[in-house]
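Have a look at the structure below, then the notes.
Read the figures in this text as sums done on the coordinates, not as results from a lab. These numbers were taken from a predicted model, which means no experiment stands behind them. All Cβ positions, glycine included, derive from the backbone under ideal geometry; neighbour counts span all protein chains shown.
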Amino acid sequence: MNDKLINDKEAVAAVVPPPLTIERMALGPMQNFVYLLVPTQRGRLAVVDPAWQPEQILARADELQRPITDIVLTHHHPDHRNGVEALLDRYPARIHVMRAEQPWLKGHGWLSDCVLHSPGETLDLGGGAHVQLLHTPGHTPGSQCLLCRSPAGDKLLTGDTLFIDGCGRCDLPGGDPRALFDSLHGTLAKLDGATKVLPGHDYAPTAEASLHDQLASNPYLQLKTVDDFVAYRMRPRT
């Protein structure tokens, strides 16, 4: 292949937009990250874990000139879904949750709007934008991470399963440190090391990091036995 043909292909790749872009919003008193998944198909917009200041999320949707068509919950805790009602008041969005999370969402008027997913299923946002839903229990029984693949590099939205140099707590109802060990070491640690980790809270000096870097620096990913992990994760909180 000659140099001109290589350069022409690189030029084309540079001007073709990725099928999905991700916007991050820092909202609320608990340092939450809310993410907007913006596919090239203009009729779609997905919000991940809408909480605290839904008016800002709605304002951004207006700026993008898109309806909110999908809501994805990484888990059921209120600080990750207390903006759902405000979004549904304006848009008839589908709510995507892992099936194992359903019992924890009972009592909400929008449960009938939920699409219950099984591990490994894919959310198709159109225009070639696909998000793989990874079941990562431990923080809650139905916690899920969102793997967004792109030629420009994969990104993993981890909710409260994995933080930058930390991980979710397991001492709340439904928490299971042994399940979280399996999710971290048996599922996430096996992904491509170049994958960018985008957590659900701003708990670190940096908003994101590569999985490779986390495998090297995150203390919860250094613990190689489930017993050591459980002892460290469940140590008394100060």
**Cα lying deepest toward the dipole's positive end in the chain, options L123, P236, Y35, charges on Cβ** = L123
**Request:** Tell me which residues come under 5 Å, amide H to amide H, from R66 once H is placed; ignore anything under 5 positions away on its chain.
**Result:** none
**Item:** Karplus-derived HN-Hα couplings along region 68-73 (A = 6.51, B = -1.76, C = 1.60, θ = phi - 60°), whole Hz, x at Gly and Pro
**Value:** 7, 9, 9, 10, 10, 9
**Prompt:** Which of S210, S183, S112 moves most in a GNM of the chain, Cα contacts under 10 Å?
**Reply:** S112
**Prompt:** For region 161-238, what is the Kirkwood hydrodynamic radius in Å, using each pair of distinct C-alpha atoms?
**Reply:** 12.8
**Prompt:** Residues with amide H under 5 Å of W110's amide H, sequence separation 5 or more or different chain, H placed in the peptide plane at 1.01 Å from N; which?
**Reply:** none
**Message:** Only Cα pairs within less than 10 Å get springs; with that Gaussian network setup on the chain, which residue of T225, T158, T195 has the largest fluctuation?
**Reply:** T225
**Item:** Share of Cα-Cα pairs in the chain lying beyond 27 Å, as whole percent
**Value:** 34
**Request:** Order by neighbour count: S150, S217, fewest other Cβ atoms within 10 Å first, most last.
**Result:** S217, S150
**Request:** Within region 30-114, report the chymotrypsin sites (Phe, Trp or Tyr not before Pro) that DSSP leaves as loop and that have at most 15 other Cβ atoms within 10 Å.
**Result:** W110
**Complete:** Distance in Å, no decimals, from the C-alpha centre of region 76-127 to the one of region 159-238 is 24
**Item:** Loop-resident sites, region 149-238, for trypsin sites (Lys or Arg not before Pro), counting at most 11 other Cβ within 10 Å (DSSP)
**Value:** K224, R237
**Message:** Restricting to bridges with both residues inside region 141-238, how much of the DSSP beta-bridge set is antiparallel, in percent to the nearest 5?
**Reply:** 65
**Item:** Label-point separation, T40 to R237 (7 Å along Cα→Cβ), nm
**Value:** 4.4
**Exposure proxy ranking, count of Cβ atoms within 10 Å, fewest first, for H75, H108** = H108, H75
**Complete:** Per the rule of 0.36 nm per residue minus the C-alpha distance, extending S150 to L64 adds in nm 28.9 nm
**Asked** If you place +1 on the Cβ of every Lys and Arg, -1 on the Cβ of every Asp and Glu, and leave all else neutral, what size is the dipole of the chain about its Cα centre, to the nearest 20 Debye?
**Response** 200
**Per-residue Cβ neighbour rank within 10 angstrom, fewest leading, E101, E85, E121, E63** = E63, E85, E121, E101
**Asked** Can you give the convex hull volume per residue for the Cα atoms of region 101-238, as a whole number of Å³?
**Response** 128
**Request:** Indicate, rounded to the nearest 5 percent, the antiparallel portion of the DSSP beta bridges found entirely in region 18-233.
**Result:** 65
**Prompt:** Taking springs between alpha-carbon atoms closer than 10 angstrom, which of I22, I71, I95 fluctuates most in the Gaussian network model of the chain?
**Reply:** I22
